[in-house]
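Encoded as structure tokens, the structure appears first; notes follow it.
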Amino acid sequence: MKKAFTLAEVLITLGIIGVVAAMTIPNLIQKNFEQHAISKLKETQSILAQAFKLSQEEYGEVEGWDLKAWNSESAILIANNLKPFLKIATDCGLEDIDKKCIPSTYLQLNGIKHDKNYINDKSYYKISLLNGTSIWWRAAKENDTLIYFWIDINGKQQPNTYGKDLFVFSYENGAILPNGSPTSSHNAKQHCIKGKSTGWGCAYYVIMQGNMN
């Protein structure tokens, strides 16, 4: 007499497999997204650092670029000096009306809508790179900070949230630095790790810790 599983046993087994899958697959998907985000963030930081190095060989030190804080002229000047050394997929310029580079809305890590509309603000210059990231920048003269960068590691795709796929960097003291250092006005402790935070300081945490926990 041949032995076989009963229908009830098969259904119970499939049910157990389904429960295990429901518990593990979302975690695996999230883990894969996090590893991709960390890798893309480090890659784009390196791309910007190399672009600055080549740009300064051509146009001189950034400190001598005569940047003015937060205006379109400075944003264009940065673009003119950096774009020749970046592999650009789409150049959206000062106004991304057609939303080719960035979406119209971003959320903070705490789920609150960020009230800044980067698309129409002409003090920010927007591009997307061939590696799939979107970047925009503006000039800044805040202590040693000369330029701020926003890096969206997956362009217009969701979740469009600070600390998840959108991160802030700055150019200061000759380097591209992740926002959120202990001395930053948006330090990671208050603006990433703390509950209901904005997410503005998560770049430092993600780069330094190598995870998004």
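The values are calculated or read from the model by the stated rules, or taken from the named source; none is laboratory data. Given the structure is predicted, the values throughout are model-derived calculations rather than measurements. Side chains are part of the model used for accessible areas, which takes the heavy atoms of the whole protein and leaves out ligands, DNA and RNA. Shrake-Rupley method; radii C 1.70, N 1.55, O 1.52, S 1.80 Å.
In whole percent, how big is the carbon plus sulfur part of the accessible area of the chain, probe 1.4 Å, protein atoms only?
56 percent
With protein chains left intact and a 1.4 Å probe, residues in the chain average 55 Å² of accessible area per residue.
Compared with the direct C-alpha span, the chain from Q209 to S39 gains 60.0 nm at full extension, assuming 0.36 nm per residue. Fully extending the segment from N71 to Q158, taken as 0.36 nm per residue of separation minus the present Cα-Cα distance, adds 28.5 nm. Each residue of the stretch 142-148 is assigned a 3J(HN,Hα), and the resulting list reads 10, 6, 8, 7, 10, 9, 10 Hz, derived from the Karplus form 6.51 cos²θ - 1.76 cosθ + 1.60 (θ = phi - 60°), x at Gly and Pro. Here the gap between N143 and E95, fully extended at 0.36 nm per residue and compared with their Cα-Cα distance, gives a gain of 14.5 nm.
Evaluated over the stretch 86-213, the count of Lys pairs having alpha-carbon atoms less than 15 Å apart is 14 (only pairs 8 or more residues apart or interchain).
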